[in-house]
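The values are calculated or read from the model by the stated rules, or taken from the named source; none is laboratory data. Computed from a prediction, not measured in an experiment: that's the story for all the values here. A quick note on method: Cβ atoms are made from the backbone with ideal geometry, for glycine too, and the neighbour counts reach across all protein chains shown.
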Amino acid sequence: MKLLVAIPALDEEDSIEGIIERTLAARSTIIGGSPVTEVEVTVVSDGSTDRTVERARRYLEQIDLIVFEQNQGYGAAIKAAWAASDAELLGFLDA
């Protein structure tokens, strides 16, 4: 069973790397302690005008990244991540 962790982010350049790293580090614990067999992480930059996208791109080998050019809202960010995934479960975190 696959879990998608969606991370909506709006101008989170100071915190995005930390939340990505903590989420990636938690994958083995999630898989080891639940029926989840795979954890997918998607960051959605929701119209960020700072370096959020630049910093998130450093993790492209381990995460997916969706970039909205203009702010569409927290719910739209989560829906976009969910629509792009084939995961059975959805979780989301604030950046």
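Annotations
- The set of residues in segment 7-65 that are within 19 Å of Leu90 (Cβ to Cβ) and surrounded by fewer than 12 Cβ atoms within 10 Å (Cβ to Cβ) comprises Arg22, Thr29, Gly33, Pro35, Thr37.
- Meets criteria (surrounded by 12 or more Cβ atoms within 10 Å (Cβ to Cβ) and either in a loop (DSSP other than H, G, I, E, B) or within 11 Å of the chain's Cα centre (by Cα) (or both)) for Asp94: no
- Here Tyr74 qualifies as closer than 23 Å to Leu3 by Cβ and in contact (Cβ under 8 Å) with a residue 60 or more places away in the chain.
Table: residues versus (1) within 16 Å of Leu3 (Cβ to Cβ); (2) β-branched (Val, Ile, Thr).
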site	(1), (2)
Ile30	yes, yes
Arg51	no, no
Gly91	yes, no
Asp94	no, no
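- Only one of the listed residues (Ala6, Ala95, Ala56) is modelled with pLDDT under 95 and in contact with a helix residue (DSSP H, G or I) (Cβ under 6 Å, 6 or more places away or on another chain). That residue is Ala95.
- Among the residues listed as Ala26, Ala56, Ala6, the single one being outside any loop (DSSP other than H, G, I, E, B) and free of Cβ contacts under 8 Å to residues at least 40 places away in the same chain: Ala26
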